[in-house]
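Colleague: Before we start, here is the structure in question, set down as structure tokens.
What follows is calculated from the coordinates using simple rules that are stated; it is not laboratory data. All of these numbers come straight from a predicted model, not from anything done at the bench. Every residue, glycine as well, gets a Cβ built from its backbone with ideal geometry; the counts of neighbours run over all protein chains shown.
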Amino acid sequence: MKEKNPLEYSPLVLAYIGDAVYEEYTRERILSQNPDMPAHKLHIENVKYVKAHAQSRSAAALEDMLTEQEAAVFKRGRNAKSATSPKNADVLEYRRATGLEALFGYLRLSGQAERLIELMRVAFDNAREEFSAERNDEK
């Protein structure tokens, strides 16, 4: 693959890469915490973390942590016009999720592995806290 500056990719291409990177990260985290869980239940648990609603909330938790460059990439992703429409999220959540994925894609393609892991860890932990709070509210 020809070397290309990650900022030269369209924000939706960055989001495409970021989606895959975050999906792999969440699967590994869930599997490490639940090594004996059946594959179908692992999938159901993973979807909670990668759906637009959870990613949108995680993006909000990360905002104050972002550098100027990272914030610019996030905004490019958030503002990108997608040919698809969200199925199970409102448009704002979907756009914020796309911004988060674009940021993760940018960090991956620019070789910033430590920063990528740091931000994905915060996103994952934020989503987990949200799920715990929702479960407690239901009781």
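Colleague: Across the range 51-104, what is the number of residues that are in contact (Cβ under 8 Å) with a residue 12 or more places away in the chain and among the polar types (S, T, N, Q)?
Modeller: 7
Colleague: Take the range 67-93 and flag every residue that is out of contact with any Ser or Thr (no Cβ under 8 Å at 6 or more places or on another chain), buried (at least 17 other Cβ atoms within 10 Å of the Cβ) and under 19 Å from Val21 (Cβ atoms).
Modeller: Hits for the range 67-93 are Glu70, Val73, Phe74, Arg76.
Colleague: Within the range 24-42, is even one residue in contact with a helix residue (DSSP H, G or I) (Cβ under 9 Å, 6 or more places away or on another chain), closer than 22 Å to Lys81 by Cβ, surrounded by 12 or more Cβ atoms within 10 Å (Cβ to Cβ) and touching a residue at least 40 places away in the same chain (Cβ under 8 Å)?
Modeller: No, there is no match, as no residue in the range 24-42 is in contact with a helix residue (DSSP H, G or I) (Cβ under 9 Å, 6 or more places away or on another chain), closer than 22 Å to Lys81 by Cβ, surrounded by 12 or more Cβ atoms within 10 Å (Cβ to Cβ) and touching a residue at least 40 places away in the same chain (Cβ under 8 Å).
Colleague: Right, something else. Only one of Leu107, Leu116, Leu14 is within 14 Å of the chain's Cα centre (by Cα), over 19 Å from Ala127 (Cβ atoms) and not aromatic (Phe, Trp, Tyr); which?
Modeller: Checking each option against the conditions leaves just Leu14.
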